[in-house]
Amino acid sequence: MSIRPHASWFPWLLFAGLTVHAALRYTILDPSFGNNDSSLLFIIIALVLWIERSSIISSLQGEGTGDLLKGSAFLAAGWLLYITGRLYPVMILEIWGLFFMAAGLVATLSPRQYLKSAFFMVVAGTVIVFIGWVAPDLFSSQLALLIASASAKIISATLFPVISDGVILYFGPYSAEVTKACSGMNSIFSLTALSVLYLRQGVKREPWHIAVLVACVLPVAMLTNLFRVIVLVLATQYIGDSFSQGLFHNASGIFVFIVALATLALIDYLLFNAYTGKQTDKTAHANNQI
């Protein structure tokens with residue numbers, strides 16, 4: 001089945017243009033690019049779109065119209081959020097608006113059987129915005145203190161003296177602050193939201209499996225972000241502050257996020273194999289008894 005140009009291509013191209021423009025503005029073109037993890041949100045948007053790729057491909061193939069009423073409502077909400085975010089500006093509102101826009105396009109341009117995909121995009125965007133980006137502001141202070149203290153002790157015990165004073169690290173002629181983004185809370189909540197999205201894709205999992213996987217989010221995010229802080233301190237000490245606080249800072253955030261997500265996927269794989277292995281052993285034992 002080939003994808004041929006249809007009228008539905010134009011709104012998707014417009015959506016892609018808005019997404020790319022927002023991504024560039026809040027990452028590469030942002031003066032604080034090296035000190036924030038905004039790019040993670042755009043990675044999450046890409047992952048959600050990939051999860052629902054079949055509905056998007058269906059809309060591009062021009063296979064039929066969906067629910068015009070629900071699609072229009074999603075699109076209107078998306079435009080309202082996006083424009084409000086542009087005017088103030090508030091990045092998180094723009095991101096939320098993009099989720100609603102994508103849902104609106106799917107609901108309008110894809111067959112009605114894909115309407116659930118549109119609702120999933122809305123729910124996913126709402127969960128990720130509120131749990132993955134708003135909630136960390138309320139809880140990240142204590143975790144930042146813990147990350148700063150642990151990194152200072154590890155580096156001091158192995159390489160060179162580092163003193164932690166609250167969230168400030170002092171080493172050599174430099175000082176570095178473990179910000180909320182570096183504390184891991186953004187990754188923790190984003191990974192929690194992504195774990196829910198990930199579970200949607202796979203085979204049916206037992207409740208204990210899901211509980212263990214979600215419980216692993218906190219230690220995985222903490223350890224990967226602790227590693228990130230240590231690497232940034234070493235880069236500052238041996239290469240320079242301008243290097244560690246520039247592109248390298250943001251790239252390291254993306255890297256540890258991907259590592260954390262891959263670690264969760266590995267844990268999920270091991271848990272699933274352990275469970276299916278036990279089930280196979282029980283089946284084989286029962287067959288032997290017969």
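As a proxy for reagent exposure, ILE56, ILE28 were ordered by neighbouring Cβ count within 10 angstrom, fewest first; the result is ILE28, ILE56.
Compared with the direct C-alpha span, the chain from THR158 to ALA274 gains 38.1 nm at full extension, assuming 0.36 nm per residue.
Every number in this text was worked out from the coordinates using simple rules, so none of it is lab data. Quantities reported herein were computed from a predicted structural model and do not represent experimental measurements. Every residue, glycine as well, gets a Cβ built from its backbone with ideal geometry; the counts of neighbours run over all protein chains shown.
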